[in-house]
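The values are calculated or read from the model by the stated rules, or taken from the named source; none is laboratory data. This one's a predicted model, so the numbers in the text were calculated from it and none came from an experiment. Cβ: placed from backbone, ideal geometry, glycine included. Neighbour counts: every protein chain shown. We work out accessible area using only protein heavy atoms, side chains counted, and drop any ligands, DNA or RNA first. Shrake-Rupley method; radii C 1.70, N 1.55, O 1.52, S 1.80 Å.
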Amino acid sequence: MSSQQRSLSRNAFQGILWMLAAVLLSSFAGGIVRQLSGAFTSVEMVFFRNLVVLVLLAPWIMHKGFGFIRTTRIGLHSLRVLFAFLAMLLSFFALARIPIADVYALLFTIPLFTIMLAVLVLGQRAGVKTWIACAAGLC
């Protein structure tokens, strides 16, 4: 096995581990949201979730400085933040009210709709294989 193949194999394995960790943590967070939904509103849970993340990331941000946050597209970044906030708020709302399996089934359709919207809204190009994958994913 060449060094390039070993590197690709190692990267694939790391990707698998990161994905497993993400799904595990996402499931754990979904369970916590479900448990807390009786005591807190979705807005409160989103606020405290983001507050905890800010506190955890503050030392790293202070170490790196604020230079990496600079942008020339403040309007587009603000729109992205708004969409991310709404997505989190609505997913917390859904986790509190419908079965968790249904919520995650819907969340797993995000990449499919992202491809479709990228083609329709942004004018991206998608090949036949991409559309076959989307159709299979929706089925």
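Tabulated data for the structure shown
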| item | result |
| --- | --- |
| Matching entry among 22, 12 (being open to solvent by less than 60 Å² (accessible area, probe 1.4 Å), part of a helix (DSSP H, G or I), over 21 Å from residue 84 (Cβ atoms) and not hydroxyl-bearing (Ser, Thr, Tyr)) | 12 |
| Residue selected from the stretch 25-48 under the condition of a type in the set (A, V, I, L, M, F, W, C) and not in a helix (DSSP H, G or I), by the criterion nearest to the chain's Cα centre (by Cα) | 40 |
| Criterion: under 16 Å from the mean Cα position of the chain (by Cα) and touching a residue at least 40 places away in the same chain (Cβ under 8 Å) - qualifying residue of 89, 112 | 89 |
| Qualifying residue in the stretch 77-85 (condition: modelled with pLDDT of 90 or more and under 18 Å from residue 26 (Cβ atoms)) | yes |
| Answer residue from the stretch 43-70, given it is open to solvent by less than 80 Å² (accessible area, probe 1.4 Å) and of a type in the set (Val, Ile, Thr) and is modelled with the highest pLDDT among those | 46 |
